[in-house]
Amino acid sequence: MLLLACSSAEEKYDGYLFAYFEGTGERDKQEQLRFAVSEDAIHWKALNNNEPILSSAEISQTGGVRDPHILRGADGKGFYMVATDMYTIKNGWDHNPGVVLLKSADLIDWGHAWIDLEASYPEQFKDVKWVWAPQVIYDAEQGKYLVYFTVRFYYDDRLDFYSAYANADFTGFEAAPELMFKSKYGAIDGDIVEKDGIYHLFYKGHTRNKEGKEFKNGIQQATSKSLKGPWKEDFKYLDVYAGMPTVVEGSSVFKLNGKEEYFLMYDLYADKRYEYQRSTDLVNFTDTTGSFTKDFHPRHGSVISITKEEARRLEEKWGGVPEGLLK
């Protein structure tokens, strides 16, 4: 996730907004978009009593959304979200058609569209199996929003990153997605953060032996001076659980307000936990984890900073915003 630097008159952010889908509760309501808010990025409160803020049946092709990624626009005002168009509870895990695109001026009202890769680009994606965990980043060089995601085809068990520029109204792609990054062993859940002219691509990676059997997985990163690559793999595991029975996925990095400090948060999906590690340089991370206090059970989500004015709008619409952001 990229948190864009604002202009010299940088707006002061007072809190944080977490976009996620649920890991508990009624099964047919889990794969829907939800919001939570925090004043300090550690103690979180679900909005709307942890009920969906948008209906997946209305915004997606499948009737379900997973892995929402939210981004503040390059102008500092508008907002963009992308999500996996997938309803596993109804359709299972064998196939999903594409991604959901959403755009808003105020975090409250969202326009939406979805892209079916096989239907839209049959020549390139007629055998697509999965289109997972999309994210969006602003490419300042091109003046466009780049959407990137993991793709797997039926004829190959590899998981590689593809990307495409969104059209001007954020309702589709300008052209067919192209291969963006092919890691040595395959990867999922990409998350790009720019710092000091370097793009850091975080993802869930794997290590395999000579026979091709996986013996380790966890959060890794690759770096590049351009979104077009080339990307250099580090192969180092960043999360403290790599090589242990505890498994993590869905990593997302966000910067703390007013500090040169970042949280690398991830989903401990088998244990129904969400934890984070800290970093000041996006290279070295703490060797211990912190835990969030929350009244919900998020799955693979993302965080942006928000102002008090935005927090008040969220409160008026859905309720649940911590009192400290309403003063």
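The values are calculated or read from the model by the stated rules, or taken from the named source; none is laboratory data. Computed from a predicted model, the values in this text were never measured in an experiment. Virtual Cβ from ideal backbone geometry, glycine too; neighbours counted across all protein chains shown. When the accessible area is computed, the model is the full protein with side chains, heavy atoms only, and any ligands, DNA or RNA have been set aside. Shrake-Rupley method; radii C 1.70, N 1.55, O 1.52, S 1.80 Å.
The stretch between N257 and D196 holds 20.2 nm of extra length on full extension. This uses 0.36 nm per residue minus the Cα-Cα distance. Accessible surface of the chain, 1.4 Å probe: 47 percent of it comes from carbon and sulfur atoms.
For region 101-137, trypsin sites (Lys or Arg not before Pro) meeting the loop criterion (DSSP other than H, G, I, E, B) and having at most 14 other Cβ atoms within 10 Å: K126. Geometric descriptor of region 230-293, per residue, is 108 Å³ (volume of the convex hull of the Cα atoms). Of the residues H112, H300, the one with the largest accessible area comes first in the ranking H112, H300, computed with a 1.4 Å probe on protein heavy atoms.
Rolling a 1.4 Å probe across all protein chains gives H43 an accessible area of roughly 100 Å². Each residue of region 275-282 was assigned a 3J(HN,Hα) from its phi angle through the Karplus expression (A = 6.51, B = -1.76, C = 1.60, θ = phi - 60°), giving 9, 8, 10, 9, 7, 10, 10, 6 Hz with x at Gly and Pro. Solvent-accessible area per residue in region 178-276 equals 46 Å², computed with a 1.4 angstrom probe and all protein chains kept.
Using 0.36 nm per residue and subtracting the Cα-Cα separation, the extra length available between S120 and D106 on full extension is 2.1 nm.
About its Cα centre, region 129-189 has a charge dipole of approximately 240 debye under the convention of +1 per Lys or Arg Cβ and -1 per Asp or Glu Cβ, with nothing else charged.
Tell me the Kirkwood radius of region 120-214: reciprocal of the mean inverse pair distance over distinct alpha-carbon atoms, in Å. Kirkwood radius, region 120-214: 14.5 Å. Compared with the alpha-carbon gap, the fully stretched path from N209 to E174 is longer by 8.6 nm at 0.36 nm per residue.
Mean sequence separation of contacting Cα pairs (under 8 Å, at least six apart), scaled by the length of the chain, corresponds to a relative contact order of 19 percent.
Give me the base-10 log of I(q)/I(0) for region 156-256 at each q in 0.10, 0.19, 0.23 Å⁻¹, Debye formula, one uniform scatterer per Cα, rounded to two decimals. So the normalised log intensities work out to -0.32, -1.01, -1.29. Considering only Y121, Y87, Y162, and ranking their Cα positions along the charge dipole of region 63-165 that arises from unit charges at the beta-carbon of Lys, Arg, Asp and Glu, the one farthest toward the positive end is Y87.
Figure note: R66, R208 ranked by solvent-accessible area, largest first, 1.4 Å probe, ligands and nucleic acids not counted: R208, R66. Solvent-accessible surface of region 85-137, averaged per residue with a 1.4 angstrom probe and all protein chains in place: 42 square angstrom. For region 1-155, a simple Cβ point-charge model (Lys and Arg +1, Asp and Glu -1, everything else neutral) yields a dipole of about 200 debye relative to the Cα centre. Note: the chain, Cα convex hull, 129 Å³ per residue. For region 11-50, list residues with backbone N below 16 Å from a point placed 7 Å from the Cα of D295 toward its Cβ? Of the residues in region 11-50, 18, 35-40, 42-50 have backbone N under 16 Å from the label point off D295.
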